[in-house]
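> Please see the structure below; I have some questions.
Just so you know, all these numbers are worked out from the coordinates, no wet-lab data involved. All values derive from a computational prediction rather than experimental measurement.
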Amino acid sequence: MTFPQVVVLAIAGLALTSQAVAAQSGPTDTEHGRELAAKLCSNCHLVPDLPSNVGRPDVPSFAAIARKPNITPDRLEAAMVLPHPEMPGVPLTRAQIRNLAAFILSLK
């Protein structure tokens, strides 16, 4: 299965459970998302306001990801739930995923 197919399946799964999750998810916390990004993602992705963070040239910055025309919270969250081979799987709670996605999307 290719990465785009996996993302489509993940989005479909998120859509099917969105009502149940929405009741449990609560508001997002972009500051917590920034802290997670600094701790877990800054080895590869450029995270704004981290002085020692330079990111990897072959990996898009979070600001570049946020500016993609087709990016939505669901797509971004799905990419974190089912990461691609270049991105290691990091066990995150649903709230952490939502907070990280909210932080990334705040960089538009």
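> Report, to one decimal in Å, the Kirkwood hydrodynamic radius for the stretch 42-108 based on all distinct Cα pairs. Spell out each step's value before the answer.
Details: mean 1/r = 0.0805 Å⁻¹.
One decimal place: 12.4 Å for the Kirkwood radius.
> Please give the length that would be gained between residue 75 and residue 92 if that part of the chain were fully extended, namely 0.36 nm times their separation in residues minus their C-alpha to C-alpha distance (nm, one decimal).
Numbers: separation 17, 0.36 × 17 = 6.12 nm, distance 1.60 nm.
Extra length available between residue 75 and residue 92 comes to 4.5 nm.
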